[in-house]
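Undergrad: Can you keep this structure in mind? I'll have questions shortly.
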């Protein structure tokens, strides 16, 4: 028997793990309402035509070989201009294009984390971050976000968790899974802690254009030029092209502090050759071409957010803090549930709707779940009716 490496033992990804049971039901002819994964293209959202045309043109011109390991200059220059509009000072050589933010996170953690060290990650938070900590034999160190404060990071909890083996702090803004949006004050407080303890900040801003209620996004790197910050963004969410796997990381902060680390990441970037070449030709038209799809998408999503907020606060035992961005909700429930994964799996088997359990996002108590509110209003209403029926029947 071939035994897998120990590093695989704690690798979990709840968003996809719950699909295993759903696939078994689908094989039996059952139709599942999927509210588990942030994939806009399986619902009524389409990649902008001008981006598709740019990729098709590149392919027709036979730009189908390897790209430069750091990415296409045309795309990186557009990223720098977009960063400047957000108040971030960076240059083309401080941008690396990667195959999704996921690859960027992996390269950044691989170049920073030694066995036994830790990076502060939010709870609740996107599970890839904790998986990467485990992959590189780091120690899990999760800081709390406060539900009663709109899921804002608990600054004192962050402060208390920093130790001599802490290397960095992850910020997800807007947050996945809660939809929380962070303001200048809390970002500045995190920056001050990072500055005090010589830590890198990883700022995941992949949903920065999907905002509700007229809110504005503040990029972490726009607040300070004095500390090392890596900002992640891409085409997956704002530009409705997750399957293209095109994203980027930007370095900002003092070159004297970032130079060696940037070279470490670049070694991993060179080792994987390049990210998808023809798809990189969509970056410039995405960032600098028509943006009509964004207000259209936000309008639809805000209606679906409002419905989700209303229904979750009507169902017996449920409560929901209103999401301010992205397309996720993280309702809590006051029900006699000891195993939240079993709760969502039982719900799936009986009602054929699929959510993700809250502990899958690093939340310690089994009393939350994540909802993706990308489906249309009729589908969402049907799903929430089924959830309410289930709760009333069993609780």
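Undergrad: Are any of the residues in the range 194-203 touching a strand residue (DSSP E or B) at 6+ places or on another chain (Cβ under 6 Å), closer than 26 Å to residue 37 by Cα and modelled with pLDDT of 95 or more?
TA: Yes, there is a match, as at least one residue in the range 194-203 is touching a strand residue (DSSP E or B) at 6+ places or on another chain (Cβ under 6 Å), closer than 26 Å to residue 37 by Cα and modelled with pLDDT of 95 or more.
Undergrad: What about residue 344, is it in contact with a strand residue (DSSP E or B) (Cβ under 7 Å, 6 or more places away or on another chain), within 28 Å of residue 98 (Cβ to Cβ) and outside the structural domain of residue 174 (by TED's automatic domain parsing)? Step through it out loud before you land on a result.
TA: Numbers: in contact with a strand residue (DSSP E or B) (Cβ under 7 Å, 6 or more places away or on another chain): yes; within 28 Å of residue 98 (Cβ to Cβ): no; outside the structural domain of residue 174 (by TED's automatic domain parsing): yes.
The answer is no for residue 344.
Undergrad: In addition: Out of (1) in contact with a helix residue (DSSP H, G or I) (Cβ under 7 Å, 6 or more places away or on another chain); (2) part of a helix (DSSP H, G or I); (3) within 21 Å of residue 21 (Cβ to Cβ); (4) in contact (Cβ under 8 Å) with a residue 60 or more places away in the chain, what's the single condition that is false for residue 382?
TA: Tallying (1) in contact with a helix residue (DSSP H, G or I) (Cβ under 7 Å, 6 or more places away or on another chain); (2) part of a helix (DSSP H, G or I); (3) within 21 Å of residue 21 (Cβ to Cβ); (4) in contact (Cβ under 8 Å) with a residue 60 or more places away in the chain, residue 382 fails exactly one: (1).
Undergrad: Follow-up question, since we're still on this one. For residue 55, all conditions in the list (1) over 22 Å from the mean Cα position of the chain (by Cα); (2) in contact (Cβ under 8 Å) with a residue 24 or more places away in the chain; (3) outside any loop (DSSP other than H, G, I, E, B); (4) surrounded by fewer than 17 Cβ atoms within 10 Å (Cβ to Cβ) hold save one; what is the number of the exception?
TA: So the condition that residue 55 fails would be (4).
Undergrad: Find the residue count for the range 286-304, including only residues that are over 23 Å from the mean Cα position of the chain (by Cα) and either modelled with pLDDT under 95 or surrounded by 13 or more Cβ atoms within 10 Å (Cβ to Cβ) (or both).
TA: 1
Undergrad: Moving on. Hey, can you tell me all the residues within the range 23-40 that are within 18 Å of residue 330 (Cα to Cα) and part of a loop (DSSP other than H, G, I, E, B)?
TA: If the condition is that a residue be within 18 Å of residue 330 (Cα to Cα) and part of a loop (DSSP other than H, G, I, E, B), then 35, 36, 37, 38, 39 are the ones that fit.
Undergrad: Could you pull out every one of the strands (runs of 3 or more DSSP E) wholly within the range 138-236 that has 2 or more residues that are under 28 Å from residue 92 (Cβ atoms) and touching a helix residue (DSSP H, G or I) at 6+ places or on another chain (Cβ under 8 Å)? Spell out the reasoning first.
TA: Numbers: elements: 141-146, 166-172, 200-204, 229-234.
Once the strands (runs of 3 or more DSSP E) in the range 138-236 are filtered for at least 2 residues that are under 28 Å from residue 92 (Cβ atoms) and touching a helix residue (DSSP H, G or I) at 6+ places or on another chain (Cβ under 8 Å), what remains is 166-172, 200-204, 229-234.
Undergrad: Can you tell me which of 310, 324, 341 is at negative phi and surrounded by fewer than 17 Cβ atoms within 10 Å (Cβ to Cβ)?
TA: On the way: 324 fails: surrounded by fewer than 17 Cβ atoms within 10 Å (Cβ to Cβ); 341 fails: surrounded by fewer than 17 Cβ atoms within 10 Å (Cβ to Cβ).
Within the list 310, 324, 341, the selection yields 310.
Undergrad: If I filter the range 263-284 for residues that are within 30 Å of residue 145 (Cα to Cα) and under 21 Å from the mean Cα position of the chain (by Cα), do I get at least one hit?
TA: From the range 263-284, those within 30 Å of residue 145 (Cα to Cα) are 265; that's our starting set.
Cutting the leftovers down to under 21 Å from the mean Cα position of the chain (by Cα) gives us 265.
Within the range 263-284 (the criterion being within 30 Å of residue 145 (Cα to Cα) and under 21 Å from the mean Cα position of the chain (by Cα)), the answer is yes, since at least one residue qualifies.
Undergrad: Any residue at all in the range 85-96 that's in contact (Cβ under 8 Å) with a residue 60 or more places away in the chain, surrounded by fewer than 20 Cβ atoms within 10 Å (Cβ to Cβ) and part of a helix (DSSP H, G or I)?
TA: There is no residue in the range 85-96 that is in contact (Cβ under 8 Å) with a residue 60 or more places away in the chain, surrounded by fewer than 20 Cβ atoms within 10 Å (Cβ to Cβ) and part of a helix (DSSP H, G or I).
Undergrad: When you check residue 82 against the structure, is it in a helix (DSSP H, G or I) and free of Cβ contacts under 8 Å to residues at least 24 places away in the same chain, yes or no? Please lay out each step first, then the result.
TA: On the way: in a helix (DSSP H, G or I): yes; free of Cβ contacts under 8 Å to residues at least 24 places away in the same chain: no.
Spelling it out, it is not the case that residue 82 is in a helix (DSSP H, G or I) and free of Cβ contacts under 8 Å to residues at least 24 places away in the same chain.
Undergrad: Quick one: in the range 58-77, of everything that is in a helix (DSSP H, G or I) and more than 25 Å from the chain's Cα centre (by Cα), which residue is surrounded by the most Cβ atoms within 10 Å (Cβ to Cβ)? Quick ask: steps written out before the conclusion?
TA: Taking the range 58-77 first, the residues in a helix (DSSP H, G or I) are 58-60, 73-77.
Of the ones still in play, those that are also more than 25 Å from the chain's Cα centre (by Cα) are 58-60, 73-74.
Details: 58: 18, 59: 14, 60: 10, 73: 13, 74: 12.
Here the answer is 58.
The values are calculated or read from the model by the stated rules, or taken from the named source; none is laboratory data. Please read all numbers here as calculations on a predicted model, not as lab measurements. Note that each Cβ is placed from the backbone with ideal geometry, even for glycine, and that neighbours are counted across all protein chains shown.
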